[in-house]
Amino acid sequence: MIASFLEIKNSPKRGRGIFTKTYIKQGAVIEISPVIVLSEQERKTIEKTLLFHYVFEWGNDKKKAAMALGYVSLYNHSYDANCEYEMEYGKRLMTIKAVKDIKKGEELYINYNAVPNDATKVWFDTAKGS
């Protein structure tokens, strides 16, 4: 079940994003989402489609991909994220947790590098020559 305090709204310069309708305390679990795991071959196929932007690398070797259900695939990226995600490979789950206090109305961000403040350029920044 998706928490009633989350909503999808337009995000400035980022398409859709996930926003909170209430205050979220640091450390709170925001969402636990099942994932659909794709094989290495299926991942190669997905990478040729629009879904490429919505899947996560999966497994210790990162050769597989996972499509998260719920809202997880709609969280936008920030190098100073207010949330983090954890992957439970054996259970096929992803959990979103707040790493900072988040005010009502704020957008929720994850760092696509898997660490909330990792400044390593992500694929769409390097593709633009940033």
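The values are calculated or read from the model by the stated rules, or taken from the named source; none is laboratory data. Predicted model, so just to flag it, every value in this text is computed and none were measured. Note: ideal-geometry Cβ built from the backbone for every residue, glycine included; neighbour counts use all protein chains shown.
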**OP:** Hey, could you check the stretch 42-72 for residues that are at pLDDT 90 or above and among the hydroxyl-bearing types (Ser, Thr, Tyr) and say which is nearest to Ala3 (Cα to Cα)?
**Re:** Tyr71
Original post:
Within the bounds of the stretch 69-76, is there any residue that is surrounded by 19 or more Cβ atoms within 10 Å (Cβ to Cβ), assigned to a helix (DSSP H, G or I) and either touching a Ser or Thr at 6+ places or on another chain (Cβ under 6 Å) or β-branched (Val, Ile, Thr) (or both)?
Top reply: yes
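Check whether at least one residue in the stretch 104-113 is assigned to a loop (DSSP other than H, G, I, E, B), touching a residue at least 60 places away in the same chain (Cβ under 8 Å) and of a type in the set (Lys, Arg), and report yes or no.
So far as the stretch 104-113 goes, yes, one or more of its residues are assigned to a loop (DSSP other than H, G, I, E, B), touching a residue at least 60 places away in the same chain (Cβ under 8 Å) and of a type in the set (Lys, Arg).
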Subject >> All strands (runs of 3 or more DSSP E) inside the stretch 1-65 with 1 or more residues being of a type in the set (Gly, Ala, Ser) and surrounded by fewer than 14 Cβ atoms within 10 Å (Cβ to Cβ) >> reply: 15-20
Subject >> Lys62 closer than 26 Å to Lys121 by Cα, in contact with a Gly (Cβ under 8 Å, 6 or more places away or on another chain) and of a type in the set (D, E, K, R) >> reply: no
